[in-house]
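Data block below; observations after.
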Amino acid sequence: MRWLQTLLEWAAGSLLFLLVVVGFLQVVSRYTGLIFIPWTEEVGRLLFVWVVWLGTAAALIRGSHIRFDFLVNRLPSRLRVRLEVAADVGVGLFLIVLIRYAYEIMRSITSTFITFNLSVKYTYLSAVIGSALMLVGRAGVVWARLRKPTPDPGSRP
């Protein structure tokens, strides 16, 4: 899943760069009055939403989301593994529900952006794609964890 993490980080980073460029154009447009670019606010909002969802997917695959592990680290290893599996199942179920409802919301949208002819559905599509990428990436992490042999508790290094 390293390749997916790298791809998501590059995509989010590229969109973040575009967001900075669009934000700079918006500031120049608004405060200098030399040029008028009406679409920068809406494009900036769209780019921001996509950066958040893709960046969140990359962070979930990398395992760098905030978690409270001070209690979990004090548990016996077997209980810790079971708790991690339960957490992964819970996250997976939540992502499946999120994908379903985000897709329903996306399908129900009929409006377009005001300043350019693009459907607002693409804003909600970011939630569907981001959640699906999180689900696939997390499943890959769990699969890799299951394939890794666990040390025998009776053996010594």
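Under the rule of at least 5 residues apart or a separate chain, name every residue whose amide H is placed under 5 Å from the amide H of Thr112.
Val120
Tell me, Kirkwood radius of segment 2-147 from alpha-carbon pair distances, in Å?
For segment 2-147, inverting the mean 1/r across all distinct Cα pairs yields 17.5 Å.
Using the Karplus equation 6.51 cos²θ - 1.76 cosθ + 1.60 (θ = phi - 60°), what ³J(HN,Hα) coupling, rounded to whole Hz, does each residue of segment 8-20 give in order, writing x for Gly and Pro?
5, 5, 5, 5, 5, x, 5, 5, 5, 4, 4, 4, 5
Mind ordering 46-55, 60-69, 18-27 by average Cβ neighbours within 10 Å, highest first?
46-55, 18-27, 60-69
Taking the beta-carbon count within 10 Å as an exposure proxy, list Met134, Met1 from fewest neighbours to most.
If I rank by nearby Cβ atoms, fewest first, I get Met1, Met134.
What ranking do Thr110, Thr123 get, fewest neighbouring Cβ atoms within 10 angstrom at the top?
So the ranking, lowest neighbour count to highest, is Thr110, Thr123.
Once you've got the GNM for the chain with C-alpha springs shorter than 10 Å, pick whichever of Ala139, Ala87, Ala11 has the biggest mean-square fluctuation.
Judging by the Gaussian network model, the answer is Ala87.
Helix-only mean residue ellipticity at 222 nm, the chain, DSSP H runs n ≥ 4 weighted -39,500 (n - 2.57), per residue, nearest 500. What is it?
Estimated from H runs of four or more residues: -26000 deg cm²/dmol.
Applying the Karplus parametrisation 6.51 cos²θ - 1.76 cosθ + 1.60 with θ = phi - 60° to the phi angles of segment 65-73, what ³J(HN,Hα) value in whole Hz is obtained for each residue in order, glycine and proline being reported as x?
6, 5, 9, 8, 10, 5, 7, 4, 5
No lab work stands behind these numbers, since they all come straight from the coordinates. Remember, predicted model here, so these are calculated numbers, not experimental data. A quick note on method: Cβ atoms are made from the backbone with ideal geometry, for glycine too, and the neighbour counts reach across all protein chains shown.
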